[in-house]
Amino acid sequence: MSAPSPLSVVIVDDDEFVAQSLRTILEARGSVRVAALGTKGAEAAALFNEHRPDIMLLDIRMPDLSGLAAGEAILAAHPKARIVFLTTFADDDYIVRALAIGARGYLIKQEARGLAEALHSVMEGQIVLGSDVTDRVSALIGQRPANGAGAAFDDSLSHPDNSQAAPAFAEGLTQRERDIAELIAEGFDNREIAQTLFLSEGTVRNHISAILQKCGLRNRTQIAIAWWR
């Protein structure tokens, strides 16, 4: 039997040395082929359209256009695209937004030696998080992981645009509260939620308070994280 074709990956990182190093790491075992490198967030969509990689690997912070904005634009045009973020920042807001837009992974550059294995897990339908990110997600929802290893999660954590039923934590909420919780998970602020649902911002705040009380959560970030559990 012939060997399976290597995964095709496009890397966009504003540090060209880092991008080249990642290419070397990923191609070392022959199971991954880096189709192209980019150094600007604004190049990401064009590179995706040109190469249609199995996985798009994006840095978060880039001076012209953030990886989050670039990934969101790609997923808006190609909802089945596999976007994985690779960054030095295990920042709560970044993690929440990455999951909210439908990313398949959020990994830390310091753990790059295990990157190829993580990307293969993504191809198997999992969402992969670096160990620091797993710790942050667990802390945000008030649960600690059993150990410090990175984690791979089932694809049921994918974007809510798939019209699946609301997650278990929302079962005790009213339909309006579920709508608001979903919009929070998608990264909407109170003003945007109010405009979308034709409510006042005061009413939105009251609903959020009710959600927090019913679900035993402390803040809107925990609401967003809980939506993906």
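The values are calculated or read from the model by the stated rules, or taken from the named source; none is laboratory data. Treat the numbers as computed from the prediction; the structure is a model and nothing was measured. Here the Cβ is made from the backbone with ideal geometry for all residues, glycine too, and neighbour counts use every protein chain on show. In case anyone asks, the SASA skips ligands and DNA or RNA and just uses the protein heavy atoms, side chains included. Shrake-Rupley method; radii C 1.70, N 1.55, O 1.52, S 1.80 Å.
Of all the residues in the stretch 92-128, those that are open to solvent by 60 Å² or more (accessible area, probe 1.4 Å), over 10 Å from the mean Cα position of the chain (by Cα) and within 18 Å of R61 (Cβ to Cβ) number 3.
Checking each residue in the stretch 65-111 for being in contact with a strand residue (DSSP E or B) (Cβ under 8 Å, 6 or more places away or on another chain), assigned to a helix (DSSP H, G or I), over 22 Å from A181 (Cα atoms) and not charged (D, E, K, R) picks out G67, A70, G71, I74.
Here is a check on your reading of the model: is A45 among the aliphatic types (A, V, I, L, M), within 30 Å of A224 (Cα to Cα) and either modelled with pLDDT of 90 or more or not in a strand (DSSP E or B) (or both)?
On the way: among the aliphatic types (A, V, I, L, M): yes; within 30 Å of A224 (Cα to Cα): yes; either modelled with pLDDT of 90 or more or not in a strand (DSSP E or B) (or both): yes.
It is true that A45 is among the aliphatic types (A, V, I, L, M), within 30 Å of A224 (Cα to Cα) and either modelled with pLDDT of 90 or more or not in a strand (DSSP E or B) (or both).
Can you spot a residue in the stretch 24-34 that is surrounded by 15 or more Cβ atoms within 10 Å (Cβ to Cβ), under 19 Å from the mean Cα position of the chain (by Cα) and of a type in the set (D, E)?
Step one: filter the stretch 24-34 for residues surrounded by 15 or more Cβ atoms within 10 Å (Cβ to Cβ), giving 25-27, 31-34.
This time we only want the ones that are under 19 Å from the mean Cα position of the chain (by Cα), so: none.
Among the residues of the stretch 24-34, not one is surrounded by 15 or more Cβ atoms within 10 Å (Cβ to Cβ), under 19 Å from the mean Cα position of the chain (by Cα) and of a type in the set (D, E), which makes the answer no.
Candidates in the stretch 48-64 are the residues that are modelled with pLDDT under 95 and either farther than 19 Å from L107 by Cα or in a strand (DSSP E or B) (or both); of these, the one that is least open to solvent (accessible area, probe 1.4 Å) is D64. Being modelled with pLDDT under 80 and either under 22 Å from E186 (Cβ atoms) or out of contact with any Lys or Arg (no Cβ under 9 Å at 6 or more places or on another chain) (or both) is a condition met by no residue of the stretch 114-121. Taking the residues in the stretch 173-229 that are polar (S, T, N, Q) and part of a loop (DSSP other than H, G, I, E, B) as candidates, determine which candidate is nearest to G102 (Cα to Cα). Within the stretch 173-229, the match that is nearest to G102 (Cα to Cα) is N219. Confirm whether E182 is closer than 24 Å to Y106 by Cβ, at pLDDT 85 or above and open to solvent by 60 Å² or more (accessible area, probe 1.4 Å). Here the answer is no, as E182 does not meet what is asked. Quick check on the stretch 12-19. Is at least one of its residues open to solvent by 10 Å² or more (accessible area, probe 1.4 Å) and under 26 Å from L183 (Cα atoms)? Taking every residue of the stretch 12-19 in turn, none turns out to be open to solvent by 10 Å² or more (accessible area, probe 1.4 Å) and under 26 Å from L183 (Cα atoms).
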